[in-house]
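Have a look at the structure below, then the notes.
The values are calculated or read from the model by the stated rules, or taken from the named source; none is laboratory data. Treat the numbers as computed from the prediction; the structure is a model and nothing was measured. Here the Cβ is made from the backbone with ideal geometry for all residues, glycine too, and neighbour counts use every protein chain on show. Surface areas here come from the heavy atoms of the whole protein model, side chains and all, with no ligands, DNA or RNA. Shrake-Rupley method; radii C 1.70, N 1.55, O 1.52, S 1.80 Å.
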Number of protein chains: 2
Amino acid sequence: MRVLILGGDGYLGWPTAMRFSARGHEVTVVDNFSRRRWHKEHGTDSLTPIRSLEERLAAWAEVSGNQIVSHAGDLVDGDFVERIVADGKPDAVIHYGEQPSAPYSMMGREQAVETQHKNVIGTLNLLFAMRDHVPECHLVKLGTMGEYGTPNIDIEEGFIEIEHKGRKDTLPFPKMPGSLYHLSKVHDSHNIHFACRIWGLRSTDLNQGVVYGIETDETAQDERLCTRFDYDELFGTVLNRFCVQAVIGHPLTVYGTGGQTRGFLNIRDTLQCVELAVDNPAEAGEFRVFNQFTEHFSVAELADLVQRSAGEVGIEVEIDHLDNPRVEAEEHYYNPVHTKLLDLGLQPSYLGDELVRSMLKAIEANRDRVIESAIDPRTTWKPGSPAGAPR
Amino acid sequence: MRVLILGGDGYLGWPTAMRFSARGHEVTVVDNFSRRRWHKEHGTDSLTPIRSLEERLAAWAEVSGNQIVSHAGDLVDGDFVERIVADGKPDAVIHYGEQPSAPYSMMGREQAVETQHKNVIGTLNLLFAMRDHVPECHLVKLGTMGEYGTPNIDIEEGFIEIEHKGRKDTLPFPKMPGSLYHLSKVHDSHNIHFACRIWGLRSTDLNQGVVYGIETDETAQDERLCTRFDYDELFGTVLNRFCVQAVIGHPLTVYGTGGQTRGFLNIRDTLQCVELAVDNPAEAGEFRVFNQFTEHFSVAELADLVQRSAGEVGIEVEIDHLDNPRVEAEEHYYNPVHTKLLDLGLQPSYLGDELVRSMLKAIEANRDRVIESAIDPRTTWKPGSPAGAPR
């Protein structure tokens with residue numbers, strides 16, 4: 001298969017590219033390197049010393065004997081997107097090519113506009129290119145569980161049957177997301193659904209939980225193949241952040257009570273899920289939504305897990321409850337359905353002490369690269385609110 | 001009150017500006033004149049000979065003795081929006097300033113991107129400006145009934161109580177809109193809801209039906225004050241189009257069976273509804289949705305009404321059923337709730353033969369201005385589909 005991976009230089013995009021290449025697919029990656037730029041702008045960096053995309057591709061060719069093709073460019077450039085799709089004629093597009101951070105989107109107007117502009121218009125350009133050049137191609141789009149928010153009912157996978165005043169219909173699950181970034185993904189979902197309904201495109205929207213982990217089968221083969229690992233307040237996800245904090249002796253930064261519960265999955269399972277989606281494509285005209293996570297935890301539970309696992313290897317860890325920089329429910333109902341990927345054969349790697357200990361060890365190896373000033377939260381959902389102050 | 005009207009040069013924006021000015025409010029209008037530009041680009045024009053905004057404002061000052069302030073600029077320019085809001089310190093913003101045409105948004109990638117970019121980013125800029133400069137200000141946003149699509153259950157006003165697996169929550173009504181324009185309004189609604197939830201802004205989202213009519217109390221006072229009246233395939237709404245078609249002897253362009261049912265209201269009632277919303281503002285933090293229409297009709301019923309009313313004044317009218325250029329259900333359930341504006345005191349002007357006859361008469365006066373080539377539908381929802389051919 002010809003597989004086009006948008007955002008192929010990123011945390012998940014790069015390991016995904018290698019995985020599909022290792023399976024013998026013809027892989028093309030596209031990236032505008034904005035994550036690298038944002039880190040430069042904020043004086044932060046990946047914990048892992050990632051190579052340039054060129055070096056990565058050369059190393060991968062050397063290690064695997066497989067070539068991955070790359071194009072540098074921005075998805076808001078509609079002509080660029082059209083050219084890539086028309087020339088490459090992909091059978092599947094895996095779309096990670098978006099601004100992925102909730103706090104980044106909440107920094108201010110410019111970042112909010114950048115996030116919604118890049119994400120919504122980039123995806124819209126892609127939909128037109130697919131419609132006009134590869135209408136049979138399968139779009140596998142990375143969405144987020146955060147699109148749903150935390151309603152007081154069970155979250156279904158994309159659609160819900162509603163009985164109302166004696167009539168029934170199955171409609172898109174209502175969305176109450178918690179940031180302008182999450183909203184950009186809600187907008188994408190609505191646009192993609194439309195493209196499937198009206199133009200007959202086929203798409204799988206992967207509403208992914210929070211990803212953790214540092215290693216996949218392919219990244220482990222050569223240190224030049226490692227993927228990025230962010231731990232800063234903007235781009236780091238919670239478990240990855242806690243593990244870095246534990247290693248450098250920084251109290252774990254729990255926002256508020258830590259009762260916020262979310263779905264989580266290992267980066268290895270992200271690759272498995274994306275493969276399952278690509279190998280079992282949606283039907284023509286179908287907009288399919290999978291809730292892509294394997295377990296759910298509260299933030300406080302994760303802090304306890306990291307504290308305990310670190311303790312087992314002799315690292316003493318404190319837990320701080322900070323004024324919550326976000327506006328979110330700290331205690332809420334949370335029971336999302338997530339059976340569709342299991343039905344396709346997903347074999348989850350569950351989170352436990354051993355996995356956390358292996359992450360701590362991998363982080364320890366790069367401990368001297370940690371930029372400690374990047375850890376405390378500074379971006380607040382309400383301007384002028386306190387953040388980062390221990391309660 | 002200080003009232004800021006975005007899109008104040010438009011079909012509804014201009015009459016609204018005069019209405020609030022007539023009531024003694026301090027009115028500021030903003031426009032980027034894109035509707036005038038789009039018409040130039042497509043070789044079309046308003047049926048009514050509208051004056052430049054400058055001439056309108058001068059005429060209004062002469063007729064009413066009231067000054068309306070105007071600023072030319074584009075809402076995607078965040079600094080411009082911020083300056084207008086910070087300097088003007090409005091108590092209410094009435095936001096019509098968006099690309100309003102479904103077919104325009106479906107012409108191709110450029111128009112789709114333009115529509116979603118201008119509408120979504122313009123509104124996002126406005127939300128930031130309000131948050132930072134006038135957090136108590138009431139945003140009255142023009143949305144559309146088309147955001148809902150045509151679900152098989154009763155459409156509620158913005159939110160629906162869902163009982164699911166033994167639990168209950170009241171959530172945003174699920175949306176299945178029918179064009180990329182309608183989607184832009186769905187995106188706006190989600191963003192505005194967020195701004196109310198997170199920042200405590202107050203907003204009323206007016207999910208408006210299809211507007212018809214040519215005259216308001218203020219436009220009738222002087223011919224220089226008339227508002228635009230579009231009848232072309234892109235910007236004309238269905239009843240306005242049918243009336244023009246009747247006058248010039250063009251068969252009425254019913255798309256498909258004409259079973260498509262929508263909510264409708266008179267332009268006079270738009271002004272009433274907007275006034276009711278402004279006079280009864282949302283609470284701080286409240287995102288309130290009103291379904292703004294007075295009656296619902298199928299397209300075929302409207303065609304019959306126009307045929308009959310025209311017949312009463314001696315005009316013989318044919319009805320054509322064309323291949324539907326859109327992708328939409330031609331037979332469907334439709335029963336949206338619309339009680340909130342009635343509860344606030346809306347006195348509907350119902351549609352009937354007399355109103356249609358008065359529209360025919362007004363159109364007759366400008367009959368020589370009709371550009372007949374602009375009438376038949378050419379924009380299709382699926383590229384390459386036939387459109388405009390009689391079945």
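The equivalent ellipsoid that matches the C-alpha gyration tensor of the stretch B:105-192 spans semi-axes of 26, 21, 10 angstrom, in descending order. If the cut-off is a Cα-Cα distance under 29 Å, which lysines reach residue A:361, setting aside same-chain residues fewer than 8 apart in sequence? Filter leaves A:40. Peptides A:338-349, B:166-177 ranked from most to least packed by the mean count of surrounding Cβ atoms within 10 Å: B:166-177, A:338-349.
Estimated at 0.36 nm per residue, the fully extended path between residue B:154 and residue B:72 surpasses their Cα-Cα distance by 25.4 nm. Highest mean packing first, where packing is the average number of other Cβ atoms within 10 Å per residue, the peptides A:97-109, A:215-227 line up as A:97-109, A:215-227. Copy-to-copy label distances for residue A:385, where each label lies 7 Å from Cα along Cα-to-Cβ, are 4.5 nm in order of increasing length. Here is how far apart the residue B:280 label points are across copies: 5.1 nm, shortest first, using a point 7 Å from Cα toward Cβ. Across the stretch A:80-88, rounded Karplus estimates of 3J(HN,Hα) from the backbone phi angles (6.51 cos²θ - 1.76 cosθ + 1.60, θ = phi - 60°) give 4, 4, 4, 5, 4, 6, 5, 6, x Hz, Gly and Pro being marked x. Rounded to the nearest 100, the interface formed by chains B and A buries 5100 square angstrom of accessible surface, both chains summed, with a 1.4 Å probe. Per-residue shielding of A:375-383, expressed as the average number of other chain Cβ atoms within 10 Å of the residue Cβ, stands at 1. Per-atom-type breakdown for the protein assembly as shown gives carbon and sulfur 46% of the accessible area (1.4 Å probe, protein chains only). Can you classify the stretch B:1-144 as rounded, prolate or oblate using the Cα gyration tensor, where a ≥ b ≥ c are the square roots of its eigenvalues, rounded means a/c under 1.5, and otherwise it's prolate if a/b beats b/c and oblate if not? It comes out oblate by the Cα gyration axes. Selection among B:256, B:385, B:338 by position relative to the dipole of the stretch B:244-391 gives B:385 as farthest towards the positive end (Cβ unit charges, Cα centre).
Average accessible surface for the stretch A:1-108: 38 Å² per residue, computed with a 1.4 Å probe over protein heavy atoms with every protein chain in place. Residues whose amide H falls under 5 Å from that of residue A:143, counting only those 5 or more places apart or on a different chain, are A:206, A:207, A:208, with hydrogens built in the peptide plane. Build a GNM of chain B with springs between Cα atoms under 10 Å apart, and of B:296, B:164, B:133 the one that fluctuates most is B:164. Full extension of the chain segment joining residue B:342 with residue B:167 gains 59.8 nm, where the gain is 0.36 nm per residue of separation less the Cα-Cα distance. Ligands, DNA and RNA are left out, and with a 1.4 angstrom probe the accessible area of the stretch B:139-251 is 23 Å² per residue. Residue by residue, the stretch B:171-179 carries 3J(HN,Hα) couplings of 10, x, 5, x, 10, 9, x, x, 7 Hz when phi is fed to the Karplus relation 6.51 cos²θ - 1.76 cosθ + 1.60 (θ = phi - 60°); x denotes Gly or Pro.
Checking the a/c ratio against 1.5 first, then a/b against b/c, what shape does the Cα gyration tensor give for chain B? Taking the square roots of the gyration eigenvalues as a ≥ b ≥ c, chain B is oblate.
Let me spell out the model: positive unit charges on the Cβ of Lys and Arg, negative unit charges on the Cβ of Asp and Glu, origin at the Cα centre of the protein assembly as shown. What dipole size does that give, in debye rounded to 20? In total the dipole reaches around 300 debye. Cβ-Cβ distance of residue B:61 and residue B:361, R₀ of 22 Å, FRET efficiency by 1/(1 + (r/R0)^6): the value works out to about 0.15. Relative to the other copies, what are the label-point distances for residue B:368, with labels 7 Å from Cα along the C-beta vector, expressed in nm at one decimal and sorted shortest first? List, nearest first: 8.8 nm.
Checking the Cα-Cα distances for A:175/B:89; A:185/B:185; A:168/B:141; A:175/A:382 against a 27 Å cut-off, the pairs over it are A:175/B:89; A:168/B:141. In the context of the full set of protein chains, the stretch B:272-391 has a per residue accessible area of 50 Å² (1.4 Å probe).
Inter-chain neighbour count for B:102-109: the average number of beta-carbon atoms from partner chains within 10 Å of each residue's beta-carbon is 2.
Using a ≥ b ≥ c from the Cα gyration tensor of the stretch B:285-391 (square roots of the eigenvalues), is it rounded, prolate or oblate, where a/c under 1.5 gives rounded and otherwise the larger of a/b and b/c decides, a/b for prolate? Here the stretch B:285-391 falls in the oblate category.
As a rough guide to protection, the peptides B:330-336, A:354-360, A:18-24 ranked by mean Cβ packing within 10 Å, highest first, stand as A:18-24, A:354-360, B:330-336.
On the principal axes of its alpha-carbon atoms, the protein assembly as shown has extents of 92, 54, 49 Å, going from largest to smallest.
Note on B:167-180: average number of Cβ atoms from other chains within 10 Å of each residue's Cβ is 6.
Taking amide H positions as modeled 1.01 Å from N, with prolines and chain starts lacking one, the residues under 5 Å from residue A:321 and 5 or more places away or on another chain are A:391. With a simple spin-label model that places each label point 7 Å from the Cα along the Cα-to-Cβ direction, the separation between residue B:41 and residue B:295 comes to 3.6 nm. Distance between the 7 Å Cα→Cβ label points at residue A:323 and residue B:385: 5.4 nm.
Copy B relates to copy A by a rotation, and the B residue whose beta-carbon is nearest that axis, with the distance in whole angstrom, is B:187, 2.
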